[in-house]
Structure formats: C-alpha cells, structure tokens
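Note sheet for the following structure.
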C-alpha cells in the first residue's frame, strides 16, 4: 500500500516536472522568435540614431530641415478658452535638451 502511494507520488512529481519543462521550452521558443523579429528593427533603429548628427535646441533655425532632436518635456499645458468640454485651442510645451537649452513651443489648432 505504501509502495503504491509512493509510486503515485513519484508519478505526480514526474508529471509536474515534465509540464514545467514543457512550459519553459515554450517560453524560450517564444522569446527566441520575438528576439529574432524585434532585434533587426532595434539594430536598424540604433544605427540610424548613431548616424544622425546631434542637433541641440540652440542650433535650430527657422529654415526647414530634417533633423532629430532629443528633448525632455519639462512642462505641458493645454488651453480650451476657459470653457469646460470645449475643443482645445492650443497646447504649450517647455522643452529642454541635454545641454539644458530651454525652448517654449505652442501648437495652435
């Protein structure tokens, strides 16, 4: 009787170990497929960022150019004309780059 209970117990442990191994293998497979799909995009994005020259807010001009600027939004606000539920009239931003040049920008609708 005890021997039969022990064999059932070992069978349960073995079954759970196999399930755990199966789920681990499935997880690793999904992770590897995800990595294969995402990594080329990340690699392309990183090389594109590395090839783009750094432009700071103080270097921007009025003339249209295609540049990327890395900034931090210090403050954001929107104005709807003091009418609750009305359409937003403009959004204001205060931006700062890594050299800490501040720039205030207002987008009007």
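Hey, with R₀ at 41 Å, roughly what FRET efficiency would residue 33 and residue 82 work out to, going by the Cβ-Cβ distance, to 0.05?
Values: r = 53 Å, r/R0 = 1.29.
That gives a FRET efficiency of 0.20.
Rounded to two decimals, what ratio of Rg to Rh does segment 57-108 give with C-alpha atoms and a Kirkwood Rh?
On the way: Rg = 13.7 Å, Rh = 12.7 Å.
My calculation of the ratio gives 1.08.
What is the gain in length, in nm to one decimal, between residue 11 and residue 106 on full extension, counting 0.36 nm per residue of separation less the C-alpha to C-alpha distance?
Numbers: separation 95, 0.36 × 95 = 34.20 nm, distance 6.90 nm.
Roughly 27.3 nm would be gained on extension.
We did not get these values from a lab; they are worked out from the coordinates using the rules stated. Computed from a prediction, not measured in an experiment: that's the story for all the values here. Quick reminder, even Gly has a Cβ in these numbers, built from the backbone with ideal geometry, and neighbours come from all protein chains shown.
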